[in-house]
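As structure tokens, the structure follows; a few thoughts come after it.
The values are calculated or read from the model by the stated rules, or taken from the named source; none is laboratory data. All of these numbers come straight from a predicted model, not from anything done at the bench. Quick reminder, even Gly has a Cβ in these numbers, built from the backbone with ideal geometry, and neighbours come from all protein chains shown. Keep in mind that these areas ignore ligands, DNA and RNA; they rest on the heavy atoms of the full protein, side chains included. Shrake-Rupley method; radii C 1.70, N 1.55, O 1.52, S 1.80 Å.
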Amino acid sequence: MAASAWAWLRRNALRIYAALAVLYLLVPIAVIAVFSFAETPRDRLDFSLSGGFTLEYWQHAFSNQELTDALFTSLRLALLATIASTAIGTLMALALVRYDFFGRRGANLLIILPMATPEIVMGASLLSLFIFYSAPLGFTTLLIAHIMFSISFVVVVVRSRLIGFDRSLEEAARDLGATPVQTFRYVTFPLLAPAILAAALLAFALSIDDFVISNFNSGTTVTFPLYVFGVALRGIPVQVNVLATMLFVVTTIAIVLVIWQQRRAEHMAAVQPDDVGEPFAGTPAFPPAPGAAGG
């Protein structure tokens with residue numbers, strides 16, 4: 001009996017370890033979700049849950065105007081930073097992987113440095129930069145800072161997809177008469193889309209969650225993490241738990257969509273031409289390139 005139990009444990013040790021690790025990560029989020037429904041005394045948590053549960057805080061999730069303003073500031077900041085950093089980071093990844101130029105190896109090293117630099121050092125450095133150029137601290141300086149530290153993560157994610165990219169698919173599209181723009185639109189971009197989307201979600205999560213760098217460069221602008229930190233000493237409103245739970249649910253849905261899109265892209269990448277002269281399944285019929293012989 002003991003031998004069979006030990007054999008079962010050895011076979012499933014990795015699964016058990018992974019389950020415990022995921023449980024460890026999700027317990028704090030579960031606590032937040034539970035207390036978003038809990039009837040608790042004002043400005044403090046009652047871990048006994050003796051007050052029962054209520055939907056009052058969900059019905060008035062946006063009743064705290066200061067909290068709501070801070071949340072929407074964070075969302076606007078994260079959205080703009082995500083769009084800018086994803087566009088810049090994707091182009092940088094394409095340049096680093098597909099082109100050979102002077103300083104390429106140094107550029108690859110410099111991309112990693114912001115990821116390895118402590119946030120307090122990066123925040124202080126950016127503050128010194130803004131003060132040196134007499135830039136008023138506020139939403140603009142926050143946006144510049146968030147774009148700066150998000151670009152590295154976008155480059156790393158997109159570059160990892162580009163390294164394993166099958167260039168023969170692009171060559172097949174060109175052989176079928178596609179222009180460079182059509183090749184990028186119908187072949188390259190759809191296959192890179194899951195990586196770009198994953199990089200964008202990562203940049204969004206990093207931006208909306210950032211506290212240290214924002215604390216240095218925010219000026220009078222208050223983001224969601226800065227607001228929570230500011231009210232923590234006198235009591236965190238229950239609406240914070242509600243809004244945090246909403247953000248977690250939305251993020252989970254987005255991750256599920258990304259995983260689905262990645263599997264779809266892998267299926268597309270696995271499709272190979274059946275014949276050298278025949279378009280393969282799922283490939284649009286490209287019009288003749290300008291200047292091509294008309295037969």
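Numbers at a glance
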item	result
Stretchable slack from Ala21 to Ser160, in nm (0.36 nm times residue separation minus alpha-carbon distance)	47.5 nm
Derived scalar couplings ³J(HN,Hα) [segment 217-232; Karplus, 6.51 cos²θ - 1.76 cosθ + 1.60; whole Hz; x for Gly, Pro]	10, 7, x, 8, 6, 10, 9, 4, x, 5, 5, 4, 5, x, 8, 4
Distance between modelled label sites at Arg264 and Ile29, nm, 7 Å Cα→Cβ extension	2.3
Paramagnetic label zone (point 7 Å from Cα along Cα-to-C-beta, Val250; backbone N under 15 Å) in segment 199-224	201-210, 224
Per-peptide average of other Cβ atoms within 10 Å, ordering 192-201, 106-115 highest first	192-201, 106-115
Cβ-derived FRET efficiency at R0 41 Å, Ala87 paired with Arg234, nearest 0.05	0.50
Percent accessible area from carbon and sulfur atoms, segment 71-121, protein chains only, probe 1.4 Å	74
Distant-in-sequence amide H partners of Ala38 (H built 1.01 Å from N, under 5 Å)	Thr54
